[in-house]
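Before any comments, here is the structure.
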Amino acid sequence: MKSAAPNLVGVALLIIFGAAASADLPGVWELLVADAGIASMHTAVTRFNTVVLLDRTHIGPSRSKLLPQTTCLRNDCTAHSILLDLKTNDLRPLTILTDTWCSSGQFLPDGTLLQTGGDLDGFRKIRKFAPCEPDSVCDWEELQDIQLYRGRWYATNQILPDGSVIIIGGKAASSIEFFPPRKEIGFAFFNQVEDNQMDNLYPYVHLLPNAQLFIFANNKAVSYDYISNQVTRTYPVLDGGPRNYPSAGSSVMLALTGDYSSATVVVCGGAEYGAYLDRTTDTPAHASCGRIEATRPGSVWEMENMPFGRIMGDMVMLPSGDVLIINGAQAGTQGFELASQPCLFPVLYRPDQPVGLRFMTLNPGTVPRMYHSTANLLPDGRVLIAGSNPHFFYNFKAEFPTELRIEAFSPEYLAADKANVRPSLVELPAKVGYGEVFEVAVAVELPVVGVMEVNLASAPFATHSFSQGQRLVKLSVQTPAPEGDGGRYRIKCTAPPNSKVAPPGYYMVFVMNLGVPGVAQWIQLLP
């Protein structure tokens, strides 16, 4: 396997597109919150259409005041977590007591956000956030009766088919454990892939539809049976240098569809090896992407190049099955004040196109989103952009200052000229079981031609260029049946066949018509 040749086109594109009007490229940016009070290192969207934003606690005072009569932290009396109401863009401070620096998270089947690890007093901590309606009050709970077997700093969480969560790796933690707690299990793979600048932190973990875990760290990947504690397959090395923290690009598993037997993983970007050791900020980032069908025996990496080299980018699964690559920098590495040349241009990755035609450059933003920035899919199809703090403390006077603004990026499918084909989801069951046939009702302004898609999107925990637990499942559907007048249709769907395809929990249900999504509603997938 040969690595992709260096892509020099990106530099020229920057010059060309920089001079062009931003309206010439697809996508729209909007400012949601001018000052959130905190820079979000970790972000997750709840089933109540609120967003949990979380920084670390040992960073000094934030600009968000705690609610009256709230217990102060050991170091200050400001909030380091907030809750955003997507309907009003109002903010409410939350109380997090222990340090969540570079921690991990995942939603449980009942919609509770599980949050684990961090640094200092948060090293072995387990926390929960049970979300509520925006007009109710809910807050963080720090568990007192249980803790992690091992401190987890830079670990990755993934929900499993039985609804438990596996917690994988972390700095000086070559092991795995679970929530609810079981025993800790050694995992030698992390020792094997560690180099002298680590490059095995925040591993990319994807639950395959055969119940194996695809685990990627540095430039290597394995398929892992967590039940028998056996590595069942070692994949070819991915050329192009290290891909995980502190050299991180990003990764997604593409949409599961058809009979759900196949799963394809994509890994894009990363820093040049040595940039972290040498503390260089101007070493160009890699533009290469590797793509592999993880479930097919003997598969190898297919290489291609993004229009721009990129580190610290976020890969967001859109409801269409395309992937938005956004945020990050074009030079340097992860770490405090170790990157330069922010990559302001989002890129759309279209997996169904042939190699060479998969990437489309989109309308650039104006706010650098560097180290500690996040991107999350919202129920209305926009992507929430938050964070960026490449400094040890808050610094608002640096070249790339601590960023408190929250933005949203609207992909082209939300353009005004597509409004007449955008479906409106008007009827959906609150819960479905595996393999269950159910119906949804939609309304569309123009007559529907062909088959609409009904897709389930998980709500991942986004941090450090990877969305933990991100998943898109395309359901088997029948041709929409007209229901009276007024552009209303009923669509018969079949829920995922088992929890290996879609673990239990809450999902956003997107109805797609001609590639245009309606506003999602939430459904609970039950065993």
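The values are calculated or read from the model by the stated rules, or taken from the named source; none is laboratory data. Everything quoted here is computed from the prediction, not taken from an experiment. Cβ sites come from the backbone with ideal geometry, for glycine too, and all protein chains shown count toward neighbours. Each accessible area value is taken on the protein alone, full model and side chains, heavy atoms only, with ligands, DNA and RNA left out. Shrake-Rupley method; radii C 1.70, N 1.55, O 1.52, S 1.80 Å.
Annotations
- Number of positions in region 274-300 that are within 24 Å of Gln470 (Cα to Cα), open to solvent by less than 10 Å² (accessible area, probe 1.4 Å) and not in a strand (DSSP E or B): 2
- Within region 243-273, tally of residues that are outside any loop (DSSP other than H, G, I, E, B) and of a type outside the set (A, V, I, L, M): 7
- Residue match in region 6-14 (condition: crowded, with 20+ Cβ neighbours inside 10 Å, within 27 Å of Ala415 (Cβ to Cβ) and at pLDDT below 95): yes
- Qualifying residue in region 81-89 (condition: open to solvent by less than 30 Å² (accessible area, probe 1.4 Å), farther than 22 Å from Ala375 by Cβ and of a type outside the set (S, T, N, Q)): no
- Elements of the type strands (runs of 3 or more DSSP E) sitting completely within region 198-242 and holding at least 2 residues that are surrounded by 22 or more Cβ atoms within 10 Å (Cβ to Cβ) and in contact (Cβ under 8 Å) with a residue 40 or more places away in the chain: these cover 204-207, 213-217.
- Scanning region 279-314 for residues that are farther than 14 Å from Ser340 by Cβ and of a type outside the set (S, T, N, Q) yields a total of 20.
- For region 179-195, the count of residues that are open to solvent by 10 Å² or more (accessible area, probe 1.4 Å), in contact (Cβ under 8 Å) with a residue 40 or more places away in the chain, closer than 25 Å to Leu472 by Cβ and part of a loop (DSSP other than H, G, I, E, B) is zero.
- Residue list for region 356-373, filter: touching a residue at least 60 places away in the same chain (Cβ under 8 Å) and assigned to a strand (DSSP E or B): Met360, Thr361, Ser373
- Only one of Gln341, Gln353, Gln330 that is open to solvent by 20 Å² or more (accessible area, probe 1.4 Å), at negative phi, part of a strand (DSSP E or B) and not charged (D, E, K, R): Gln330
- Filter pass, Thr46 being modelled with pLDDT of 85 or more, polar (S, T, N, Q) and either more than 22 Å from the chain's Cα centre (by Cα) or on the phi > 0 side of the Ramachandran plot (or both): no
- Where Asp380 falls short, out of the listed (1) in contact with a strand residue (DSSP E or B) (Cβ under 9 Å, 6 or more places away or on another chain); (2) closer than 16 Å to Val511 by Cβ; (3) not in a loop (DSSP other than H, G, I, E, B): (3)
- Scanning region 425-440 for residues that are open to solvent by 60 Å² or more (accessible area, probe 1.4 Å) and either in contact with a Gly (Cβ under 8 Å, 6 or more places away or on another chain) or small (Gly, Ala, Ser) (or both) yields one hit, Ala430.
For every residue, the table says whether it meets (1) in contact with a helix residue (DSSP H, G or I) (Cβ under 6 Å, 6 or more places away or on another chain); (2) in contact (Cβ under 8 Å) with a residue 24 or more places away in the chain; (3) part of a loop (DSSP other than H, G, I, E, B).
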| residue | (1), (2), (3) |
| --- | --- |
| Lys87 | no, yes, yes |
| Thr98 | yes, yes, yes |
| Gln115 | no, yes, no |
| Arg124 | no, yes, yes |
| Glu133 | no, yes, yes |
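- Count of region 468-497 residues which are touching a residue at least 40 places away in the same chain (Cβ under 8 Å) and under 12 Å from Val444 (Cα atoms): 6
- Residues satisfying the criterion are absent from region 482-495 (criterion: under 30 Å from Phe336 (Cα atoms) and at pLDDT 95 or above).
- Candidates Leu91, Leu32, filtered to the one that is closer than 30 Å to Asp417 by Cα, at pLDDT 95 or above and either of a type outside the set (Ser, Thr, Tyr) or under 21 Å from the mean Cα position of the chain (by Cα) (or both): Leu32
- Val205 farther than 15 Å from Arg150 by Cβ, under 22 Å from the mean Cα position of the chain (by Cα) and of a type in the set (A, V, I, L, M, F, W, C): yes
- Index of the failed condition, Pro482 passing every other in (1) open to solvent by 40 Å² or more (accessible area, probe 1.4 Å); (2) on the phi > 0 side of the Ramachandran plot: (2)
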